Amino acid sequence: MTSQDTDIPENANKTLAERSAVKFVVAIEDIPYFHWQLPIFIESLNDKLPHGWETFVVVCNDNQPFSESLTQVFQAYNIKNFTTTNYPQNENIEFAGGGDYYVAVNRIQALNAVADFVNPDDLICLLETDVFLYKDLNLHVIPTTNSLAQNWIIQEELFFSLRRESEGVNLSKLLEAMGCSHSFKPGGVILFLTGATVQNQKFIRDCFRFTQILFLMGKILEVHKVWIAEMPSFALALTMNGIPYEVIDDPEFSTLNVADPIIRPGTFYHYYHDLRDGGDGAFYKSQWYKQLFLSKNFLHEDISHWSSQATSPHEKYFFELANKARLRIHVSNYYRRKEKDFGKSS
């Protein structure tokens with residue numbers, strides 16, 4: 001290998017014909033909070049995926065009919081969707097403390113739901129819905145095998161400590177106490193898993209189990225953010241079962257770029273940051289943050305009010321996506337109503 005070659009990712013040497021198809025998977029509930037996040041996510045991938053690459057939306061609604069708002073999203077984008085069990089609605093992890101509603105387990109159930117609809121050599125990318133692709137897809141950073149994005153929260157010596165607390169769980173020692181001899185590698189949040197891995201029921205069940213274990217340990221320790229318990233479950237389950245995986249540190253998958261004024265094209269930007277936690281909102285020097293729209297549809301709000309205040313190129317791009325998504329849904333719904341009216345008149 002020459003010195004020039006060292007800067008070229010191994011993935012870049014694979015042509016599209018040689019690569020496995022990637023299926024982007026998100027889990028949602030049928031509530032307003034997801035009625036606006038989902039179309040922005042889908043819009044960011046629209047017309048950018050190579051042939052055979054797809055987006056799968058898993059709706060955790062106990063297999064009930066979709067609301068009108070969600071139906072409009074699916075009709076506008078015509079993407080594959082699945083319904084499945086909503087475990088947080090039906091099961092309590094921590095019944096001793098009066099119950100809980102831990103929505104993060106739906107991410108694991110999403111993998112479970114799509115397992116029968118993927119090929120063993122497919123690559124499944126599990127994402128949060130509060131993510132969008134900034135500009136064009138960068139194929140060079142998309143892995144070809146089991147890979148988890150590096151994550152500083154999981155990487156902490158004591159998980160749950162968040163660089164502030166003294167309480168937490170040493171994940172490596174947890175595995176060691178269970179007799180695991182494999183080396184733990186801290187990755188999560190954005191995942192790339194082969195179809196064969198997703199179809200491994202022992203792996204899926206262990207993701208659920210590790211989430212339950214950490215959730216309960218967090219409750220015992222009385223940590224402030226027990227809701228992050230699901231984050232390392234995939235890495236723990238992979239390690240425990242001896243399934244090989246890599247941790248990738250490409251900036252395109254980073255969650256540490258919330259204060260960056262500029263990000264790379266091809267970044268899957270995670271707009272999770274809450275202004276009330278201190279610092280900026282979801283973007284560099286921004287006052288906008290998703291928690292403002294927990295119970296109302298952002299696409300029905302005055303987007304121009306926020307876009308006029310955007311301070312970074314990727315924040316402006318986000319609001320452009322929101323406008324495009326709103327228009328696409330509006331136009332689709334308009335023509336659907338016209339067709340329905342035409343059918344009645346004829």
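Results, tabulated for the structure shown:
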{"item": "Solvent-accessible area of VAL169 with every protein chain in place, 1.4 Å probe, in Å² to the nearest 10", "result": "10 Å²"}
{"item": "Residue-averaged 222 nm ellipticity for the chain, from DSSP H runs of 4+ at -39500 (n - 2.57), nearest 500", "result": "-10500 deg cm²/dmol"}
{"item": "Cleavage-rule hits (chymotrypsin sites (Phe, Trp or Tyr not before Pro)) in the stretch 179-285: DSSP loop, at most 16 neighbouring Cβ within 10 angstrom", "result": "TYR272"}
{"item": "Rel. contact order, % - alpha carbon contacts under 8 angstrom, at least six apart, the chain", "result": "19 percent"}
{"item": "Surface accessible to a 1.4 Å probe, SER67 within the full protein complex, Å²", "result": "40 Å²"}
{"item": "Size of charge dipole - the stretch 161-226 - debye, nearest 20, with Cβ of Lys, Arg +1 and Asp, Glu -1, no other charges", "result": "120 debye"}
{"item": "Euclidean distance of C-alpha centroids, the stretch 269-339 and the stretch 224-243, integer Å", "result": "31 Å"}
{"item": "Stretch gain in nm, segment ASN323-GLN64, where the contour uses 0.36 nm per residue and the Cα spacing is subtracted", "result": "90.3 nm"}
{"item": "Debye, to nearest 20: dipole size of the chain, +1 on Lys, Arg Cβ, -1 on Asp, Glu Cβ", "result": "820 debye"}
{"item": "Cα-based shape type of the stretch 232-329, given that a ≥ b ≥ c are square roots of the gyration tensor eigenvalues and the cut on a/c is 1.5", "result": "prolate"}
{"item": "Within the accessible area of the chain (1.4 Å probe), percent carbon and sulfur", "result": "49 percent"}
{"item": "DSSP loop GluC sites (Glu not before Pro) with at most 12 other Cβ within 10 Å: longest gap in the chain", "result": "19-156"}
{"item": "Other-chain or far-sequence residues with amide H under 5 Å of SER161's (modelled H)", "result": "VAL169"}
{"item": "Alpha carbon convex hull of the stretch 168-238, projected area averaged over orientations, nm²", "result": "4.9 nm²"}
{"item": "Three-way shape label, the chain, alpha-carbon gyration tensor, a/c 1.5", "result": "rounded"}
{"item": "Farthest positive-ward along the chain dipole, Cα basis, beta-carbon charges - from SER183, ASN78, TYR272", "result": "ASN78"}
{"item": "Theoretical gain in end-to-end length, GLN309 to ASP249 [0.36 nm per residue, Cα-Cα removed]", "result": "18.5 nm"}
{"item": "In sequence order, calculated HN-Hα J values of the stretch 247-264 (Karplus, 6.51, -1.76, 1.60; Hz; x Gly/Pro)", "result": "10, 9, 10, 5, x, 5, 10, 6, 10, 9, 9, 5, 9, 7, x, 9, 10, 6"}
{"item": "Rounded to whole Hz, the Karplus (6.51, -1.76, 1.60) HN-Hα couplings of the stretch 120-129, x for glycine and proline", "result": "x, 9, 5, 10, 9, 9, 8, 10, 7, 7"}
{"item": "Computed E for SER295/SER181 - FRET, C-beta separation, R0 41 angstrom, nearest 0.05", "result": "0.30"}
{"item": "Solvent exposure, largest accessible area first (probe 1.4 Å, DNA, RNA and ligands not counted), of HIS314, HIS305", "result": "HIS305, HIS314"}
{"item": "Coil-residue trypsin sites (Lys or Arg not before Pro) of the stretch 237-310, DSSP, other Cβ within 10 Å capped at 14", "result": "LYS285, LYS296"}
{"item": "Farthest toward positive dipole pole in the chain [+1 Lys/Arg, -1 Asp/Glu at C-beta], among ALA115, VAL226, SER161", "result": "ALA115"}
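The values are calculated or read from the model by the stated rules, or taken from the named source; none is laboratory data. Bear in mind that the values here come from a model prediction, so they are computed numbers and not experimental data. Cβ: placed from backbone, ideal geometry, glycine included. Neighbour counts: every protein chain shown. In case anyone asks, the SASA skips ligands and DNA or RNA and just uses the protein heavy atoms, side chains included. Shrake-Rupley method; radii C 1.70, N 1.55, O 1.52, S 1.80 Å.
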